[in-house]
1. Exactly one condition in (1) out of contact with any helix residue (DSSP H, G or I) (no Cβ under 9 Å at 6 or more places or on another chain); (2) hydrophobic (A, V, I, L, M, F, W, C); (3) under 20 Å from ASP137 (Cβ atoms) is false for VAL9; which is it?
2. Quick check, is GLN43 more than 19 Å from ALA144 (Cβ to Cβ), at pLDDT below 95 and either of a type in the set (Phe, Trp, Tyr) or touching a strand residue (DSSP E or B) at 6+ places or on another chain (Cβ under 6 Å) (or both)?
3. Going by the conditions given, is VAL93 surrounded by 18 or more Cβ atoms within 10 Å (Cβ to Cβ), over 10 Å from the mean Cα position of the chain (by Cα) and not in a loop (DSSP other than H, G, I, E, B)?
4. Looking at the range 16-27, I want the residues that are in contact (Cβ under 8 Å) with a residue 40 or more places away in the chain and have a partner that is outside any loop (DSSP other than H, G, I, E, B) and surrounded by fewer than 18 Cβ atoms within 10 Å (Cβ to Cβ) with Cβ atoms under 6 Å, at least 6 apart or on another chain. Which pairs are those?
5. Taking the residues in the range 108-123 that are closer than 20 Å to PHE133 by Cβ and of a type outside the set (D, E, K, R) as candidates, determine which candidate is modelled with the lowest pLDDT.
6. Answer with yes or no whether ALA104 is loosely packed, with under 15 Cβ neighbours inside 10 Å and either touching a Leu at 6+ places or on another chain (Cβ under 7 Å) or assigned to a helix (DSSP H, G or I) (or both).
7. Out of (1) modelled with pLDDT of 95 or more; (2) in contact with a helix residue (DSSP H, G or I) (Cβ under 7 Å, 6 or more places away or on another chain), the odd one out for ASN38 is which?
8. Please go through the range 25-39 and give me each residue that is over 12 Å from the mean Cα position of the chain (by Cα) and of a type in the set (Val, Ile, Thr), ordered by number.
Amino acid sequence: MSDAAAPAVLVDGDACPVKDEVYRVAVRHGIAVILVSNSGMRQPAHPLLSQIIVSDGFDAADDWIAARAGPATIVITGDILLADRCLKAGATVLAPNGRAFTAASIGGAIATRAIMADLRVAADGITGGPPPFGKADRSRFLDALDAALVRLRRAA
């Protein structure tokens, strides 16, 4: 997206636990939301909400989002490598737990991801997994999204 593009929120829809929150907050701010996924998902009927269904090819949703990310977009994803691609395009990137990915933090996140992958291999696939998604995560996400949308609208 170019700087002149209309502000939008791009949601990596597969396994996103905060879709309803994104819809509610973005509509309140008057900003379009595009849910990107490999299959159709329920979405409220509203002119600011749309859905893109991509092929089930490897990284098809990530590729679609990364190609459209830019300074006028907020990307919601837990995928660290997608977050890196979107940051490089100038987008604001939030994880579903409210953590903002930034140019300063993404390198460490990528390194931690690689270390954890190595540990999973060494442990024969035994993992504890991420901590469960809770109320505090949802609340932190809502605050972070609201603040990001305010900044986006001011910049537009």
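1. Of the numbered conditions (1) out of contact with any helix residue (DSSP H, G or I) (no Cβ under 9 Å at 6 or more places or on another chain); (2) hydrophobic (A, V, I, L, M, F, W, C); (3) under 20 Å from ASP137 (Cβ atoms), the odd one out for VAL9 is (1).
2. The answer is yes for GLN43.
3. Against the criterion (surrounded by 18 or more Cβ atoms within 10 Å (Cβ to Cβ), over 10 Å from the mean Cα position of the chain (by Cα) and not in a loop (DSSP other than H, G, I, E, B)), VAL93 does not qualify.
4. GLU21/LEU142; VAL25/ASP146
5. If we take residues in the range 108-123 being closer than 20 Å to PHE133 by Cβ and of a type outside the set (D, E, K, R), then MET116 is modelled with the lowest pLDDT.
6. Working: loosely packed, with under 15 Cβ neighbours inside 10 Å: yes; either touching a Leu at 6+ places or on another chain (Cβ under 7 Å) or assigned to a helix (DSSP H, G or I) (or both): yes.
Yes, satisfied.
7. Here ASN38 clears every test but (1).
8. VAL25, VAL27, ILE31
The values are calculated or read from the model by the stated rules, or taken from the named source; none is laboratory data. As the structure is a computational prediction, the values presented were derived from the model and not from experiment. No Cβ is skipped: glycine too gets one built from the backbone with ideal geometry, and neighbour counts run over all protein chains shown.
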